[in-house]
Every structure is written in C-alpha cells, then in structure tokens.
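Working notes, structure below.
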2 protein chains.
Amino acid sequence: METTLQTVSEHACFGGTVGFYKHTSQACGGEMRFSVYVPPQARAGTQVPVLYYLSGLSCSEETFQIKAGAQRLAAELGLMLVVPDTSPRHTGIPQEDADWEVGTAAGFYVDATQAPWAPRFRMYSYVTQELPELVGKHFPARMDREGIFGHSMGGHGALICALRQPDRYRSVSAFAPISAPVRCPWGQKAFGKYLGPDPEAWRAWDATELLRGGARIPPLLVDQGTRDKFLTEQLKPELLRQACEQAGQPLTLRTQDGYDHGYYFVSTFMADHLRHHAAALTA
Amino acid sequence: METTLQTVSEHACFGGTVGFYKHTSQACGGEMRFSVYVPPQARAGTQVPVLYYLSGLSCSEETFQIKAGAQRLAAELGLMLVVPDTSPRHTGIPQEDADWEVGTAAGFYVDATQAPWAPRFRMYSYVTQELPELVGKHFPARMDREGIFGHSMGGHGALICALRQPDRYRSVSAFAPISAPVRCPWGQKAFGKYLGPDPEAWRAWDATELLRGGARIPPLLVDQGTRDKFLTEQLKPELLRQACEQAGQPLTLRTQDGYDHGYYFVSTFMADHLRHHAAALTA
C-alpha cells in the first residue's frame, strides 16, 4: 500500500532542514506525526546515517527539535535525526488525555495488548518498522546505518528497541532513562494498562529483564543528572548498572553533578551523544 | 529602596546556570520576569560581560533560553545572557491580551505615554535602567561591558536602546529586526496606542529616524532570512540599509538564503552573533 506523507512545515536550519510530517499509520491505526532533521550533506544526494530519538513523557515530535540544540552538530557530522511523537493522539480512547503518565504522550514504546489500547498504542512496531520504512522511502537515509537514543521514557524506549533487535542498531545511548519499568511506578502503571496485570508479560518490554535474558547491544552511553527529581523513585540507574554488569554489557554511565531532568541537561551533553553515534554510524 | 528578587527556577546548563526570576518592577509598576544565563567563568567569582537579548512578539523570557541554543557558546566565551520578558503581563489594562500585536508580549521596548498603557508599558526604562541595576546587584556581572541584541521586535528594541544611549553598549546585533516601525503596520499600530496618534512622537523610538537624527552605534551585524514571511511588509531591511548608508553607520547585513523568521533561523546564526559581541565585550 502506498504511504502518503503530508508536510506540516519545513524550516532551514544549519544548512539542512527541520521538517514536520504527518501520515496515516497502519501500526497505530490513525494519524501519527514525526519530525526529521536532514543535514546539509544529504542535499547533494548523499544518503546519510539515521539516528532515531525517542522523547519522554508529555513531549511531542517537536520537543527535541526545539530544545535539544542537536542540529548544529548533526549538520557537521552528517546525521539525519528522526523523532516520532510519543504516542498516537485523539484516538477516542476514553480518558486518553486524563493522566500524563498513561495514554496520550505516554506510549512507552511498547505494543499494547490490552483493550482499549491494543489497536492504537503500538509504538514499538511504529518506531522499529513503519517509521523506518517511511524514512527510507521519503528521505535520503542510509538504512543500513541506524542508531537510536532517547530521554527518560524514550531513553528506555531506545534501550528496548535495541535490545529486542540486537543486530540492527549500530549505536545506542540515553539521557536519564527509566532503567526498569517493571520496578518503578511509571512503568508499573503504564504496563499494567497496556500489557495487563500480570508482570510476567511486562518482562519482554523491560531493559533490565532483556539484559538478564541474554540480549546485548553496542557499548551504551548514559548520562544522568544528580539533581534529577525522578532519580530515586522512577529512573533508578543503579538497576541498569547492575544489569549491565551482570550481563557483561559495556556501559558508560556518567553522573552529571547538579543537572536536573530537563532539556538544559539534555542539550549540555547532546554533543557527546551525537559523537558517540557518529563514531559507529559514519565509520 | 531594596529590590527583592524571587527565583522561579534554576537549571544547570553547560557548566553554568539558566535561571528564571521575578520581581516587582518600579518602571513597569508591577511584576516583571527575566532570565539569566550565568556562564561557568562567573562561578569562580569572576565578573563577566553582560549581553542583553530582546525577544520578539509573543515571546517571553523563556523563549530564548529554550530555543536559541546560545548557552553552549556563551559558556565558552564567558558571556552572561540576560533576557527580559517582552512586556508586563496581567496588568488589568482592558484588552491587554486581545491582540498579539499590541499589549501583552508586544511592549516594543518603548516608554508608553498614552493611557491606559503609560503607567505599565515602560519597557525602555526597564531594559536600560531597572534591569541592569538588578543584574549588577544580584549577579556577577561586569557592568562596564554591556552588549545588546534581539530578534524581530526585539531586534529593533536592541537598535533603539543602543541608538538612544550611544556610548553605553559596546556591541549591537539583530536577527530579522523590524527596521522602521514608523513605516510598517506592526509599528504604526503599536506606536499609535503607546505613543499616541501623532507620528512626530514616534520618531524618537524608530531606529531609522534615530540614525537620521545623528545617533551612531558600534558596527552593526544583522541577519535576515529570504523566506521570512514578514520580510516585505513588516521588517523592510532595505530601510535599515539605506539609513545606515546615509548615516555612515557601519552595517553588515547578511541575507540568508531559504531561512524563515523562527528560531531554527536564529539558532543557526547565533554563534556568529555571540562571537561578534564577545570580540567587543571581552577584548
């Protein structure tokens, strides 16, 4: 089936283009939005590596492009940046907008199995299958060079996408990721809705459980601020460190003194993450 | 009288701090907000030069800190960035929020003389007197090294602040500034309200008229995108170029092909502007 992509807006930026697009998603059963930064290298017809960024709770496909300050270095390194929205919106599911921790902008990058979420909240399939197909078709993307990173809920999303498809993504990193949704209130609440009450069904969507189960990914870079208000209750980086140590998974977990959970933190360390990805993707 | 400054929030960013503050303003007769980026150099007790940024219509003291991507290089160059809100808010003036071109977030950096605006909309006095006094008192600012720049309405604001105080600001620049409010719809509408119906009273607040009247400022850097939707009706850079040529005012006016009016444009050329200011402020 032909996919139709509608351009919402495009903006020149650091010699390339920030664009916003919408389309009818098969995976999510309705309209989805995403943004793409196409670096200047691609304007000469060169296919460039693709780096996916998965955003956190309450964000959209716009947040990263506005706040992360990533385009400058992506333009220099020749990386395409692809940013999906954090969930379907306006699905008609009752209470979809009632709680910022579940529903709209809280898709958690899983494929829901439970009513009423199952037909629409299939962000894992969207991010790993449908979106890459669209990008490969409509943008000058080198689809054999994919990396993935994200922030908070999206940091964990990047981890599970990579851990579930270990030979696919050549580079992985995260800013202040949720480490173990099965063991934090955000994850327990959302997974209980999307995947049902049995925690056994959650394990296939938890990074620490996937590591425990034998999944491995390229050397992982993680930054975490010490003044992050979600640090001890929700993010629990010690669980990720422990799981990586036990699994022999290479991890560079950097503790950043005084930084909080927001984009002033993310933007500060963005360059290090982009260089981490470029080293693997443009080698 | 003692000024009391209330911290709204502070965030570590590129080794320094982005902070948001509010206080009771004498110039504007009520609460005003501003933001400051304090670079890492100042944490060691060093006083650093101050660069004021004046934002455009509909923006606030947050816009620049979120969207402009300026902190990275300001941290490297050792510049403090001070960003006032674009007007008083919640003044109780009838219809203050009814029109994005006049009233809230449309202060135009003038001192209003007409009812009901005169007691509150005194952004020129705020930006050039009260705010610098606050900054000098509460932040490690080197107050003999001030520069000023801005975007759109704020680009023109930077021009008139500097032109009216020619020996004060050591460096001036603008992104897509309004060139001549007396000759564009935005300016005519706002000045008609704030300064009254007689255009003669507007001339003291128009950059091209101030140049014509003999005011001179340090060599001026201006960037202007070719796909800016406000270019021909509102901004009219040819009027600024003409006024500078006739006045012998040094101007570097750069036309940026394909760029629009937004912060994807501003952020792209931010580094050039910061270096322009640093050359004068840190010499």
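Only residues that are touching a strand residue (DSSP E or B) at 6+ places or on another chain (Cβ under 8 Å) and surrounded by fewer than 24 Cβ atoms within 10 Å (Cβ to Cβ): list them for segment A:162-211, please.
Matches in segment A:162-211: A:ARG168, A:ARG170, A:LYS189, A:LYS193.
I'd like the full set of residues that are polar (S, T, N, Q), part of a loop (DSSP other than H, G, I, E, B) and within 14 Å of another protein chain (Cβ to nearest Cβ), limited to segment B:8-44.
If the condition is that a residue be polar (S, T, N, Q), part of a loop (DSSP other than H, G, I, E, B) and within 14 Å of another protein chain (Cβ to nearest Cβ), then no residue fits.
When segment B:249-263 is examined, which residues are found to be of a type outside the set (Ser, Thr, Tyr) and touching a residue at least 12 places away in the same chain (Cβ under 8 Å)?
Answer for segment B:249-263, where residues must be of a type outside the set (Ser, Thr, Tyr) and touching a residue at least 12 places away in the same chain (Cβ under 8 Å): B:GLN249, B:PRO250, B:LEU251, B:LEU253, B:ARG254, B:GLN256, B:ASP257, B:GLY258, B:ASP260, B:HIS261.
Just to be sure I understand, how many residues within segment B:41-86 are touching an Asp or Glu at 6+ places or on another chain (Cβ under 9 Å) and free of Cβ contacts under 8 Å to residues at least 40 places away in the same chain?
Within segment B:41-86, residues that are touching an Asp or Glu at 6+ places or on another chain (Cβ under 9 Å) and free of Cβ contacts under 8 Å to residues at least 40 places away in the same chain number 0.
Identify all residues within segment B:225-240 that are loosely packed, with under 15 Cβ neighbours inside 10 Å and in a helix (DSSP H, G or I); write none if there are none.
If the condition is that a residue be loosely packed, with under 15 Cβ neighbours inside 10 Å and in a helix (DSSP H, G or I), then B:THR232, B:GLU233, B:GLU238 are the ones that fit.
Check segment A:131-152 and report whether any residue there is polar (S, T, N, Q) and buried (at least 24 other Cβ atoms within 10 Å of the Cβ).
yes
Within the group B:LEU57, B:LEU5, which residue is away from chain A (no Cβ under 14 Å) and over 25 Å from B:ALA176 (Cα atoms)?
B:LEU5
Pick out the one residue from B:TYR194, B:TYR169 that is over 30 Å from B:ASP97 (Cα atoms) and of a type in the set (Phe, Trp, Tyr).
B:TYR169
Can you find a residue that is assigned to a helix (DSSP H, G or I) and either surrounded by fewer than 23 Cβ atoms within 10 Å (Cβ to Cβ) or polar (S, T, N, Q) (or both) anywhere in segment A:212-224?
yes
Applying the selection to segment A:209-252, what residues are charged (D, E, K, R) and within 14 Å of another protein chain (Cβ to nearest Cβ)?
A:ASP223, A:ARG227, A:ASP228, A:LYS229
Identify, by number, the condition in (1) within 13 Å of chain A (Cβ to nearest Cβ); (2) over 24 Å from B:TRP186 (Cα atoms); (3) touching a residue at least 40 places away in the same chain (Cβ under 8 Å) that B:VAL266 doesn't meet.
(2)
Of everything in segment B:200-229, what is farther than 21 Å from B:VAL110 by Cα and of a type in the set (Ser, Thr, Tyr)? Give them in sequence order.
B:THR226
Restricting the search to segment B:253-262, which residues are among the hydroxyl-bearing types (Ser, Thr, Tyr) and more than 7 Å from chain A (Cβ to nearest Cβ)?
Scanning segment B:253-262 gives a single hit, B:THR255.
Bear in mind these aren't lab numbers, they're just calculated from the coordinates by the rules spelled out. These numbers come from a predicted model, not from an experiment. Heads up, the Cβs are rebuilt from the backbone with ideal geometry, glycines too, and the neighbour counts pull from every protein chain shown.
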